[in-house]
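Here's the structure, in structure tokens; my notes come after.
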Amino acid sequence: MRTNNVNADRLFKFMSLFGINRFKILTLDSKTIKAQVGWPDDGTENYDENEEVQDILWHIQDDESIEDALTLGKFLLDNKLIANDKIVVDYEILQSKINWDSRKFDTALQTLLSIKVSMLDDDKETDSFFIHF
């Protein structure tokens, strides 16, 4: 069960890159995690917390560099180098800012760019959350 907890934490960290303020695990097993995420009030007149949710499904990626990838993602978020799902800084500038050796940086970046979490609409995988340049 510890592995599932680690993977749930990884999914939470990844989805945090998309500005969520709610995260609820619906089901989890050794291969997938189904969860529900939500977003904070954006100030619009008709905001309804119950409507600002999305069911998601993650086919767990157990990449050895996933922790570095999520650390890189948090660095991007903390330093305002990501907007929505897009990295908004050049590769070279990002590498110099995080100050990791090039192999660690490249591996973490490629892993971060490879993470995909499916949106579920009527229990069908539709679009997905992912990060890109």
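The values are calculated or read from the model by the stated rules, or taken from the named source; none is laboratory data. Only a predicted model underlies this, so the values are computations on that prediction, with no experimental measurement involved. Here the Cβ positions follow ideal geometry from the backbone for every residue, glycine too, while neighbour counts run over all protein chains shown. Heavy atoms of the whole protein, side chains included, go into the accessibility calculation; ligands, DNA and RNA do not. Shrake-Rupley method; radii C 1.70, N 1.55, O 1.52, S 1.80 Å.
For this structure, a couple of remarks:
- For L120, the conditions (1) modelled with pLDDT of 95 or more; (2) closer than 18 Å to L77 by Cβ; (3) of a type in the set (A, V, I, L, M, F, W, C) are fulfilled apart from (2).
- Of the helices (runs of 4 or more DSSP H) contained entirely in segment 1-105, those carrying at least 3 residues that are at pLDDT below 95 and either more than 14 Å from V117 (Cβ to Cβ) or open to solvent by 30 Å² or more (accessible area, probe 1.4 Å) (or both) fall at 2-16.
- Qualifying residue in segment 100-110 (condition: touching a residue at least 40 places away in the same chain (Cβ under 8 Å) and of a type in the set (S, T, Y)): yes
- From E64, E51, residue being of a type outside the set (S, T, Y) and under 17 Å from D9 (Cβ atoms): E64
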